[in-house]
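Reading through the C-alpha cells given below for one structure.
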C-alpha cells in the first residue's frame, strides 16, 4: 500500500515538473520572439535581414589575387 502511494506521489511530482518545464519554455520563447502570439505556431517567424544600405558584394575587396601574401594585398589597396 505504501508503494502504491509512493508511486502516485512520484507520478504527480513528475507531471508537475513537466508542466513547469513547458511553461518555462513557453515563457522563454515569448521573451526571445518578442511577445506571445495567440496561436502556437511552433517556430517563430523570422524577420527579413536588414542591410542598412550596404551591399553584399564589395568589388574593392578582391583587388589582389588570392595567392598573394597578406602584406602584398594590403599594399596594393593603398
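For a Förster distance of 30 Å, can you work out the FRET efficiency between the beta-carbons of residue 20 and residue 47, rounded to the nearest 0.05?
About 0.45, to the nearest 0.05.
Under a crude label model (7 Å from the Cα following the beta-carbon direction), how far is residue 11 from residue 32 in nanometres?
The modelled label-to-label distance comes out at 3.3 nm.
Bear in mind these aren't lab numbers, they're just calculated from the coordinates by the rules spelled out. Given the structure is predicted, the values throughout are model-derived calculations rather than measurements. Neighbour counts are summed over all protein chains in view; Cβ atoms, including those assigned to glycine, are modelled from backbone coordinates with ideal geometry.
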